[in-house]
Amino acid sequence: MSPSDHDGSPVVEIRDLHVTFATDGAPVHAVDGVSLHVDPGEILAVVGESGSGKTVTAKSVLGLLPDNARVDGAVVLAGQDVLRLRPAELRRARGRDVAMVFQEPSTALNPVFTVGWQIAEGLRAHGTYSRAEARARAVEVLGRVGIPDPQTRVDHYPHQFSGGQKQRIVIAMAMALEPSVIVADEPTTALDVTVQAEILDLLRAVRDEFGRAIILITHNMGVVADLADRVAVMYRGEVVEQAPARELFAAPQHEYTRRLLAAVPRLGAHTTDRAPGRSPAAEAGEPLVRARGLEVVYPGRLRQPGFRAVSGVDLTIAPGEVLGLVGESGSGKTTIGRAIAGLTRATGGSLEVLGQEMVGFRERTFRPHRARLGFVFQDPATSFNPLLTVGEAIAEPLLIHGRARDVAAARPRVHELLDAVHLPIAYAARYPHELSGGQRQRASLARALALDPELLVADEPTSALDVSVQDKVLEVFGELQQRLGFATLFISHDLAVVGMLADRIAVLYRGELVELGTGTQVLGDPQHPYTRRLLASVPVPDPVEQEARRAALAALTSAVPEPSIVP
């Protein structure tokens with residue numbers, strides 16, 4: 001069905017939706033009386049913290065709820081109630097009337113088939129397309145979403161595309177059959193700000209140029225301000241507020257909406273200006289990390305040349321200092337963090353960490369220093385052993401380094417750490433999957449601090465958290481850093497978060513350091529064109545200001561030169 005087929009009535013109408021999940025314990029009421037509608041060519045943003053019911057509501061439009069879900073109410077799509085359709089009718093509606101863009105494109109794409117085959121598969125499932133016709137349509141939609149050289153790239157596999165390109169391919173798959181509405185579930189969560197800006201432009205084009213309606217599920221209020229026409233705020237399974245985007249941001253009515261907006265980090269609002277460290281002692285101390293001309297080259301395979309991930313980087317981290325390291329995906333920031341932790345080999349220049357030279361180091365000589373260094377991983381769900389309880393995982397560093405005889409002996413220290421990150425000590429007996437994302441990240445911080453490290457490497461520790469949970473994690477992190485005084489390399493693509501925490505900010509571009517200074521200098525008066533582009537790419541939670549920033553970004557996008565190292 002095309003948008004022109006509509007008579008002005010909503011393309012989707014949800015009426016008094018109730019969704020309850022049967023569990024081994026008490027039933028879970030995920031959605032409680034939700035009523036929403038989406039008009040043709042409109043972007044409706046459904047926002048709220050994790051567990052608010054926004055994704056469950058969106059999946060009900062496609063009939064994608066699991067078997068243990070009891071659903072009441074109505075979801076009217078193309079004149080039919082999705083909740084009453086038979087399986088065969090539901091399969092016909094998916095793709096043709098409604099399509100979904102999933103949060104993580106790497107899991108939505110099949111790694112063993114080319115992207116063209118996967119787009120063609122959806123076409124053949126809904127019509128009599130010949131092989132040549134399906135391929136031609138796949139090339140057409142790939143070109144529409146901005147994939148360069150689509151005639152060639154149509155035969156490539158998912159792993160041959162970047163994260164942003166994979167998200168474009170998932171959007172192309174959703175557009176292939178020209179559905180009247182597209183459900184986009186957190187489509188920019190895992191993307192850095194420059195790629196996120198490109199995906200937002202693409203979704204805007206899907207609305208403006210192709211006339212599609214979009215249901216946008218997100219926790220990023222900057223994205224909402226940039227893209228949405230109307231906003232529905234969900235809290236504990238209910239819609240607590242609905243309003244046009246500009247009206248909601250200007251004058252939120254519900255207390256929860258006001259709290260949600262207050263939790264959003266504001267770019268440059270809390271920058272520190274206390275470099276090189278948070279204390280006078282930090283200025284007098286020898287740096288814990290000193291990089292001079294640092295290079296990291298990954299060896300090539302099958303006679304291919306090596307890949308230079310980091311090139312000629314000079315930086316220091318003083319005792320007690322928080323150094324923010326920012327840049328887009330592929331800039332080398334995680335590589336530097338892993339090199340400092342001895343998880344990736346530094347191949348050139350010099351890198352001294354805790355007095356130990358890391359270029360050509362041997363693990364046996366660095367092992368005594370590992371107790372002085374902690375690491376917070378980006379995704380605690382994969383960094384925790386699912387077979388260990390949270391208490392056992394936090395106690396593990398204590399056992400490995402001989403600080404405790406067994407888990408029982410480590411229990412007082414585990415309880416102390418849980419209390420420090422504001423988690424109940426009863427959580428020590430739980431398994432990682434029994435904690436929410438924010439709780440797991442706080443437990444991950446507790447584990448990293450178990451040995452009282454002098455240096456902490458935090459790699460994107462809040463990137464997958466919604467704003468209210470992120471706010472709590474950052475509050476705990478800042479409180480512990482000031483109380484315990486450990487130095488931190490804080491790696492992130494979120495400049496607002498880095499501005500809140502960091503004494504100094506280093507900006508990487510294609511493996512080179514292009515800017516380094518205090519938060520006020522880098523965020524308030526950026527010198528390098530790439531830093532200016534990076535700042536302009538950050539969506540802010542104000543539709544009026546964001547419209548002006550979008551125009552400024554368009555002017556900067558074509559003006560970024562090749563990087564040069566800052567002296």
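The values are calculated or read from the model by the stated rules, or taken from the named source; none is laboratory data. No experiment lies behind these values; they were computed from the predicted model shown. We place every Cβ from the backbone using ideal geometry, glycine too, and count neighbours over all the protein chains shown.
Details
- Residues that are within 25 Å of the chain's Cα centre (by Cα), not in a loop (DSSP other than H, G, I, E, B) and not aliphatic (A, V, I, L, M) do not occur anywhere in the range 386-404.
- Within the range 321-344, residues that are surrounded by fewer than 24 Cβ atoms within 10 Å (Cβ to Cβ) reach partners that are in a loop (DSSP other than H, G, I, E, B) and polar (S, T, N, Q) with beta carbons closer than 9 Å, at six or more positions or on different chains, in the pairs Ser329/Ser162; Gly330/Ser162; Thr334/Thr344; Thr334/Gln378; Thr335/Thr344; Gly337/Thr344; Arg338/Thr344.
- Strands (runs of 3 or more DSSP E) contained in the range 158-262 and holding at least 1 residues among the hydroxyl-bearing types (Ser, Thr, Tyr): 213-218, 230-235
- Residue satisfying all of: in the range 83-139; among the charged types (D, E, K, R) and in contact (Cβ under 8 Å) with a residue 12 or more places away in the chain; surrounded by the most Cβ atoms within 10 Å (Cβ to Cβ) among these: Asp97
Yes/no per residue for (1) crowded, with 23+ Cβ neighbours inside 10 Å; (2) farther than 27 Å from Glu49 by Cβ:
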{"site": "Ile147", "(1), (2)": "no, yes"}
{"site": "Gln160", "(1), (2)": "no, yes"}
{"site": "Ile169", "(1), (2)": "yes, yes"}
{"site": "Ala172", "(1), (2)": "yes, yes"}
{"site": "Asp185", "(1), (2)": "no, no"}
{"site": "Arg207", "(1), (2)": "no, no"}
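- Residue in the range 254-266 that is of a type in the set (Gly, Ala, Ser) and either at pLDDT 90 or above or over 28 Å from Val469 (Cα atoms) (or both) present: no
- Restricting the first member to the range 408-430 and to residues that are assigned by TED's automatic domain parsing to the domain that holds Ala448, and the second to residues that are modelled with pLDDT under 95 and basic (Lys, Arg), the beta-carbon pairs closer than 7 Å and six or more apart or on different chains are Val421/Arg442; His422/Arg442; Leu423/Arg442.
- Verdict on Glu363 being surrounded by fewer than 16 Cβ atoms within 10 Å (Cβ to Cβ), within 33 Å of the chain's Cα centre (by Cα), under 21 Å from Leu288 (Cα atoms) and of a type in the set (Asp, Glu): yes
- The range 371-381, residues that are over 22 Å from Ala426 (Cα atoms), under 26 Å from the mean Cα position of the chain (by Cα) and not in a strand (DSSP E or B): Phe377, Gln378, Asp379
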